[in-house]
1. Checking the conditions here, which among A:Ile258, A:Ile325, A:Ile274, A:Ile280 is farther than 25 Å from A:Arg112 by Cβ and more than 14 Å from chain B (Cβ to nearest Cβ)?
2. Residue by residue through region A:133-165, note down the ones that are under 20 Å from A:Arg101 (Cα atoms) and surrounded by 15 or more Cβ atoms within 10 Å (Cβ to Cβ).
3. Hey, does region A:288-299 have a residue that's over 16 Å from the mean Cα position of the chain (by Cα), more than 24 Å from A:Asn113 (Cβ to Cβ) and assigned by TED's automatic domain parsing to the domain that holds A:Asp162?
4. Return the residues of region A:1-46 that are buried (at least 21 other Cβ atoms within 10 Å of the Cβ) and either part of a strand (DSSP E or B) or polar (S, T, N, Q) (or both); say none if nothing qualifies.
5. Given A:Leu169, A:Leu135, A:Leu149, A:Leu164, which one is in contact (Cβ under 8 Å) with a residue 60 or more places away in the chain and in the same structural domain as A:Leu90 (by TED's automatic domain parsing)?
6. Here's a check for you: in region A:1-47, which residue that is at the interface with chain B (Cβ under 9 Å from one of its Cβ atoms) and aliphatic (A, V, I, L, M) is nearest to the chain's Cα centre (by Cα)?
7. List the pairs whose first member sits in region A:295-309 and is more than 10 Å from chain B (Cβ to nearest Cβ), whose second member is assigned to a loop (DSSP other than H, G, I, E, B) and modelled with pLDDT of 95 or more, and whose Cβ atoms are under 6 Å apart, counting only residues at least 6 apart or on separate chains?
8. Suppose we filter B:Arg78, B:Arg55, B:Arg34 for residues that are farther than 30 Å from A:Met78 by Cα, without any contact (Cβ under 8 Å) to a residue 60 or more places away in the chain and either touching a helix residue (DSSP H, G or I) at 6+ places or on another chain (Cβ under 8 Å) or within 14 Å of chain A (Cβ to nearest Cβ) (or both); which single one remains?
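The values are calculated or read from the model by the stated rules, or taken from the named source; none is laboratory data. Computed from a predicted structure; not experimentally measured. Neighbour counts run over all protein chains shown; Cβ positions are idealised from the backbone, glycine included.
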Amino acid sequence: MSAKIKRGVSLYSFQEEMFLGQMSVEDCVSFAASIGATGIEILPEQNMPTFPHITDAQVGEWQDLLARHGAHFTCYDMFLDTKLRKGELLSDDEQVESIRRDLVLCNRLGIRNMRVLVFVRPDILERCVPYAEQLDVHMGVEVHAPWHLEHAWILRTIEVADRLGTKHLGILPDMGIFMKHYPPEFRARFEREGARPEVTQFIVDQHEAKIMSEYTIYEVAVKLQGNAAEVRMAETLRHAPFANPRRIGDYAPYFRHIQAKFYGMTAEANDPSIAYDEVIPELVKAGWEGTLSSEYEGNRWVQDAQPVDSREQVRRQHAMFTRLIAQAEGEIA
Amino acid sequence: MFDRYLIDAASLHNTGPLDAPTGFAFAAKLGYYRGLGLSMIEELNVSIDGEALPRAAVRFDEGNGPLTLDEMETAYDRRWAFGAPATISVDLPGGFPEGEHTLSLQQKLRISYMPFPSFNFDQKVVKVAA
């Protein structure tokens, strides 16, 4: 049975090293390809300094760069500056035009998936569907924590896709929605900022027990008279949901790409926080075809205490992917 | 996400005549994981030892010529690229005070997908090279 789940990397993963000028875009692509993660997700507004003005020559340079490393594009992360002008939102027409601009560039780059920010209104996307169909780009609304697969806001986009019967509008899950355990990197950072270990343990225990976040925030802020770092840590629980991986199969027809968010891997190549061990079997069971695209976001949590090594983190995540995909496929075969 | 890296301490220098500086300038990066149009950079608050310098004294230049913060508000066709240093210059008769001082920079950004403004903050103890 051939692997339907492909592995890739979002250049977002190397933001620390790129920001500091320690890695070029080509370094990122080269590294990703070296660990078999040949699918490359880009953020044109991060990785293309002349955005939105991209010449055909620049498109050619990108394609040459990917070809040199045996890599290919998987996804284009769009943005929408509705607040371009102070005190006045872009009109609906302007929003549609901005998204169309991105669809055109996405198509010129030969990319067939576009990550749409979760805040983009479903009725705006509905107006973009004819362009997406014409340019053959799937618009996937990012399902980012604290939203989740069955959140009413996400269901509105799915309702539009169903009503139009289009294959070019759907979702694009960010695996941060499957945060089963509280990330140790978060906890350690708050402790460095003055949170007391007994309070951080309480918050971790509350998350582990899946207590409603607002209850824990109240306990920490009011009953325990938590200090600033402790209250901030408790407030992260608002964005730390554990959605049910068993619902993945129901929504698999609506997505073709996954942002594989993570905050840190153990030396044994396990994710202590995000439940990939439950997610990947569901993807395999669903027969899902697409790319698991690494999105390392641990840099901001550890950079105060240690040098960031995004490559090593991504390498470990892919060791885990390889293992979990093989296991899940073995169980199905 | 990049607060600690915003100010390039080594870049600090005085501007104007050597014997009678009229201000100072330093290189800074945008604390964001993508580039942003200049019209969405609402404030660049510069302070020395906690004392804020006037908004009108600040100029920004990403390489296409200096702008006041008021002018940036309508600079719809210019962007501060990801990870790219820009020059922030400040009018201050006499230049940066002698010796070591804490230079701080707060960036207030209008990020469309967030209901509230985004603030980035860095401060470093710096001095003008002799």
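1. A:Ile274
2. Listed by number, the residues that qualify are A:Glu133, A:Leu135, A:Val137, A:His138, A:Met139, A:Gly140, A:Val141, A:Glu142.
3. no
4. Correct list: A:Arg7, A:Gly8, A:Val9, A:Ser10, A:Ser13, A:Gln15, A:Gly39, A:Ile40, A:Glu41, A:Ile42, A:Gln46.
5. On inspection, the qualifying residue turns out to be A:Leu149.
6. Restricting to residues being at the interface with chain B (Cβ under 9 Å from one of its Cβ atoms) and aliphatic (A, V, I, L, M), the top hit is A:Leu43.
7. From residues that are more than 10 Å from chain B (Cβ to nearest Cβ), the pairs are A:Gly298/A:Tyr263; A:Gly298/A:Gly264.
8. B:Arg55
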